[in-house]
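First up is the structure itself, then whatever we jot down about it.
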Amino acid sequence: MKELHQLGVAELAAAIANKKTSAVEAAQLLLARARQHQALGAYLAFNEDATLAQARAADVRIAAGERGPLLGVALAHKDIFVTTDFPTTAGSKMLAGYQSPFNATVVQRLTDAGAVTLGKLSCDEFAMGGSNENSAFGAVLNPWDASRVPGGSSGGSAAAVAARLVPAATGTDTGGSIRQPASFTGITGIKPTYGRCSRYGLVAFASSLDQAGPMARSAADCAALLSAMAGPDIDRDATSLDHPAENYSAALLTPREGTSATQPLKGLRIGLPAEFFGAGCTPDVLAAVRGALTEYEKLGATLVDISLPRTELSIPVYYVIAPAEASSNLSRFDGVKFGHRAAQYNDLADMYQKTRSEGFGPEVQRRIMIGTFVLSHGYYDAYYLQAQKIRRLIAQDFQQAFTQCDVIAGPVAPTVAWKIGEKSDDPLANYLADIYTLSTSLAGLPGMSVPAGFGAGAMPVGLQLVGNYFKEGELLHTAHAFQLATDWHTRAPQGFWQ
Amino acid sequence: MPFTSSDIGRIAKLARLALTEPQRTCMLEQLHGFFDIVEQMNAVDTTGIEPLAHPTAVIDQVSLRLRPDQVSESNQREVNQQSAPAVERGLFLVPRVIE
């Protein structure tokens, strides 16, 4: 019998349903474990009373005979989702102590499904970053090697799930912020199609890119969470897609047509973009990815060479569009309605400037500057509009690629997790490291990271899988088949299994 | 590279950020490197290409929705103001703007 913290979402739900444990017992144990490992820096806030009240409510529902895939299951949320039971900071001094009057739709849906919230998880400030070093509340350590970053911006979510502090967590992905930390910590994460999960109550970074998704230890557990998270939120999110929610757990178990038990992916065409397998990717990462692809061939899939010719362009396009939207979204932080206000100022303009310069960290200020510039008079057409046009070409490249394949595969990032401090003085190096995740975000396509082995420094490597719009079910199915045949996703970092 | 030292001051003012002189110098240097990469976009021919705002619009028509203009939330002034830096009698306090 595994210990409680070793259980994934489905296992914990079953243990609670079968009265082997209770939601309250599981929540208490995981809270104690989270506190014991606070040195990782994954959690930013707890509220034990609220957590235990949620757990007791779940136990009452279970005692009344109710069953559900998330009923009583402990989760934690990236601190970018607003919550009534916990403060929400978005990793920023600007929002230190901020108390939301409402829950994000994603949080509310998971809570309604009976999930128990353990606390809030650290992230890069306003989700801007790929190392979690941009948090105003300290770096998060990678449980596989405490001298390395966990990735970002959902770094707290990734570290907590990998360290067995919580069976699953929510994350958000604007340019790779679910997939890259999942890859760096050896867990499974999926960013759904843009507009699939509501952005209501998600502290806005880049509104045409931001998307919520689950991070867990397996595709099956991600499917259970995503089934509850996704679906239209028509009245509250203007870009929420009017596309009915799906049961992704059922999609996992539905065999593909014409397949067999030994060849469950027979007929699946996996496209390999030449641009993802070039000199820019380190050999250790490529070796792990190629190993995973060999496994996919054994499962019956065929590998097809494809091209995504504008992969390199996705870096400038993304780093024009995302800061432009951020500079607009972050203009709401003016020291009046919520958040930080400077203590000393001369007049209104001075209050705005001092408040914002004190409240925002360096990376956020850099992106506000870039965004303000590319939207300013005389530069809008050359930068912002040009980027939005190339964005369409990038999205069209994917549609062209999907005429040749069903799923696209490649590395998530060119390297394994880097050392803390290694790139912190070099913003451009951080931007370049996002090369394999940005194009999927710009196109709004669903993408995953699936543990695929280990690279340099015995650090985890993720395989990226990208599907066409609304093909989350097919992606999760493809990942699940791999996880039935491999055990990379079951590996735990040393010192965090027991 | 379009960014000059005077641009930094102008943009910081537009963005309501107060940057110190060392911060300006550092930011100018970092943005120089960044805009070298951004300039790659100039070489792309986008004649006749529509900008893409909502990504799934590439496969399907996405129209902005309107909802009926009706009250859907009750008045929650107190909870909405609980995180405000300065409030008095239900009003947000700001520095004097008009003498």
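The values are calculated or read from the model by the stated rules, or taken from the named source; none is laboratory data. Just so you know, these numbers come straight off a predicted model, no measurement behind them. Here the Cβ is made from the backbone with ideal geometry for all residues, glycine too, and neighbour counts use every protein chain on show.
Going residue by residue through segment A:130-137, is there one that turns out to be within 25 Å of residue A:70 (Cα to Cα) and not in a strand (DSSP E or B)?
No, segment A:130-137 contains no residue that is within 25 Å of residue A:70 (Cα to Cα) and not in a strand (DSSP E or B).
Step by step: first the residues of segment B:65-99, then only those that are in a loop (DSSP other than H, G, I, E, B), within 9 Å of chain A (Cβ to nearest Cβ) and of a type in the set (S, T, N, Q), then the one that is farthest from residue A:88 (Cα to Cα). Which residue is that?
B:72
Which residues, taken from segment A:407-429, are touching a Gly at 6+ places or on another chain (Cβ under 8 Å) and buried (at least 21 other Cβ atoms within 10 Å of the Cβ)?
A:407, A:408, A:409, A:411, A:412, A:413, A:416, A:417
Sort out which residues of segment A:435-445 are surrounded by 24 or more Cβ atoms within 10 Å (Cβ to Cβ) and touching a Gly at 6+ places or on another chain (Cβ under 9 Å), and write them in order of number.
A:436, A:437, A:438, A:440, A:441, A:442, A:444, A:445
Give A:278, A:271 a once-over and let me know the one that is modelled with pLDDT under 95 and either buried (at least 17 other Cβ atoms within 10 Å of the Cβ) or more than 29 Å from residue B:47 (Cα to Cα) (or both).
That would be A:278, the only listed residue that is modelled with pLDDT under 95 and either buried (at least 17 other Cβ atoms within 10 Å of the Cβ) or more than 29 Å from residue B:47 (Cα to Cα) (or both).
Within segment A:240-250, track down each residue that is surrounded by fewer than 20 Cβ atoms within 10 Å (Cβ to Cβ) and either in a loop (DSSP other than H, G, I, E, B) or of a type in the set (D, E, K, R) (or both).
Within segment A:240-250, A:242, A:243, A:244, A:245, A:246, A:247 qualify.
Quick test for you: out of B:45, B:7, pick the one residue that is under 22 Å from the mean Cα position of the chain (by Cα) and either acidic (Asp, Glu) or farther than 26 Å from residue A:390 by Cα (or both).
Going through B:45, B:7 in turn, just one is under 22 Å from the mean Cα position of the chain (by Cα) and either acidic (Asp, Glu) or farther than 26 Å from residue A:390 by Cα (or both): B:7.
What about residue A:253, is it touching a Lys or Arg at 6+ places or on another chain (Cβ under 7 Å), among the hydrophobic types (A, V, I, L, M, F, W, C) and modelled with pLDDT under 95?
Judged against the criteria, residue A:253 is not a match.
In segment A:303-338, how many residues are buried (at least 17 other Cβ atoms within 10 Å of the Cβ), more than 25 Å from the chain's Cα centre (by Cα) and within 10 Å of chain B (Cβ to nearest Cβ)?
Result for segment A:303-338: 4.
Within segment A:292-302, restricting attention to residues that are surrounded by fewer than 16 Cβ atoms within 10 Å (Cβ to Cβ) and not in a strand (DSSP E or B), which residue is nearest to the other protein chains (Cβ to nearest Cβ)?
Within segment A:292-302, the match that is nearest to the other protein chains (Cβ to nearest Cβ) is A:297.
Search segment A:446-472 for residues that are surrounded by fewer than 24 Cβ atoms within 10 Å (Cβ to Cβ) and pair each with any residue that is small (Gly, Ala, Ser) and assigned to a helix (DSSP H, G or I) when their beta-carbon atoms are under 8 Å apart and the residues are at least 6 apart or on different chains.
A:453/A:287; A:453/A:288; A:453/A:291; A:453/A:292; A:454/A:288; A:455/A:287; A:455/A:288
Scan A:138, A:195, A:171, A:175 and give me the residue that is out of contact with any strand residue (DSSP E or B) (no Cβ under 8 Å at 6 or more places or on another chain) and closer than 15 Å to residue A:447 by Cα.
A:175
Determine, yes or no, whether residue A:173 is within 14 Å of another protein chain (Cβ to nearest Cβ) and touching a residue at least 12 places away in the same chain (Cβ under 8 Å).
For residue A:173, the condition - within 14 Å of another protein chain (Cβ to nearest Cβ) and touching a residue at least 12 places away in the same chain (Cβ under 8 Å) - is met.
Please count how many residues of segment A:36-56 are free of Cβ contacts under 8 Å to residues at least 24 places away in the same chain and over 29 Å from residue A:151 (Cβ atoms).
Counting residues in segment A:36-56 that are free of Cβ contacts under 8 Å to residues at least 24 places away in the same chain and over 29 Å from residue A:151 (Cβ atoms) gives 2.
Can you find a residue that is polar (S, T, N, Q) and assigned to a loop (DSSP other than H, G, I, E, B) anywhere in segment A:282-290?
yes
I need the full set of residues from segment A:351-371 which are surrounded by fewer than 24 Cβ atoms within 10 Å (Cβ to Cβ), facing another protein chain (nearest Cβ under 8 Å) and closer than 30 Å to residue B:99 by Cβ, in order please.
Passing the criteria: A:351, A:353, A:354, A:357.
Evaluate the following for residue B:51: is it out of contact with any Gly (no Cβ under 8 Å at 6 or more places or on another chain), at the interface with another protein chain (Cβ under 7 Å from one of its Cβ atoms) and in a loop (DSSP other than H, G, I, E, B)?
The answer is yes for residue B:51.
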